[in-house]
Amino acid sequence: MTKNIYFASDFHLGSPNHQESRKREDRIIRWLNAIESSCAELFLMGDIFDFWFEYREVIPKGFVRLQGKLAAMTDAGIKIYFFKGNHDMWVKDYFTTEMGIEVISDELIMERNGKSFYLHHGDGLGPGDEKYKILRKIFRNPICQWLFSIVPPRIGLGIANWWSGSSRVANKTEEAFHGEEFEWLAIYAKEQLQQAHYDYFVFGHRHLPLEIDLNGKSKYVNLGEWINFNSYAVFDGKELTLKYFEK
Ligand SMILES: [Mn+2]
């Protein structure tokens with residue numbers, strides 16, 4: 001492996017308003033420009049958009065710089081993956097058709113340079129959050145998605161934007177660490193380790209950059225978010241490390 005693999009999540013573009021989102025989008029473009037020459041693969045691991053719903057003929061306005069940049073990167077031979085997050089699970093084929101991006105619905109298990117990875121946005125895993133686990137089933141249900149798709153975008157996106165206005169990022173809440181025993185994704189990762197060995201677990205969703213040693217042989221990395229942290233992870237073929245951009 002001569003080039004690196006990069007991981008980032010939770011840009012929440014669109015939140016809390018157009019102006020602040022644009023500033024964040026510019027920062028993300030600067031980051032992509034900075035990593036591009038050393039990047040073999042890029043994993044965008046969910047909640048890239050604060051809300052994204054793809055109608056059959058229509059997509060939400062905005063985010064054109066990111067879309068253009070990602071298309072240029074895949075055109076240049078960089079492989080890009082887009083994981084569905086809990087805010088942008090309604091992607092269909094637009095990212096694949098227009099930008100050559102591979103969309104991942106749930107977990108992705110892979111091996112790179114002899115290291116095994118377990119990747120997932122992180123929503124709906126581990127103990128607790130029962131309310132969301134039910135909502136997730138509704139949101140991911142094809143009939144519910146079809147019903148939403150026939151609501152005119154003016155109404156559908158209006159409801160969605162109102163909903164995302166009440167989210168964690170819209171209120172700029174910086175998440176706090178309450179100890180490893182309360183980290184539900186670390187608990188989930190440890191459960192997975194009972195079945196099989198993975199060198200690295202990479203999740204988003206938690207909005208807190210974390211590097212947790214699970215058993216001396218496996219590590220859980222949380223990618224944080226780009227409102228307060230600008231955090232991302234890089235795998236150089238030997239090690240997975242958490243880093244911060246313009247911090
Ligand atoms: Mn998120």
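Please treat every number below as a calculation from the coordinates, not as lab data. Being a predicted model, the structure only gives us computed values, none of them experimental. Methodologically, a virtual Cβ is constructed for each residue, glycine included, from the backbone with ideal geometry; neighbour enumeration extends over all protein chains shown.
Tabulated data
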item: For region 1-85, diffusion coefficient by Stokes-Einstein and Kirkwood Rh (Cα), 20 °C, 1.002 mPa s, µm²/s; result: 159 µm²/s
item: DSSP-defined beta bridges in region 4-244 - what % are antiparallel, rounded to 5; result: 45 percent
item: Top positive-direction residue, dipole computed over region 4-244 with Cβ charges, set H121, G85, G158; result: G158
item: Alpha-carbon centroid distance for the pair region 193-208 / region 37-106, whole angstrom; result: 22 Å
item: Sequence ranges 35-41, 69-75, ranked by mean other-Cβ count within 10 angstrom, highest first; result: 69-75, 35-41
item: Convex hull of the chain built on C-alpha atoms - directionally averaged projected area, nm²; result: 13.2 nm²
item: Dipole moment magnitude, nearest 20 debye, region 117-189 about Cα centre, only Lys, Arg, Asp, Glu C-beta charged; result: 580 debye
item: Highest-first arrangement of 125-131, 91-97, 206-212, 176-182, where packing means the average Cβ count within 10 Å; result: 206-212, 91-97, 125-131, 176-182
item: Over region 108-247 - Rg/Rh using Cα atoms and the Kirkwood inverse-distance radius; result: 1.02
item: Dipole magnitude of region 72-170 about its Cα centre (Cβ charges: Lys, Arg +1; Asp, Glu -1), debye to nearest 20; result: 280 debye
item: Within straight-line cross-link reach of K115, lysines at Cα separation under 28 Å, skipping those fewer than 8 residues along the same chain; result: K3, K79, K84, K190, K217, K219, K238, K243
item: Qualifying lysines (Cα of each under 16 Å from Cα of K172; at least 8 residues distant if same chain); result: K23
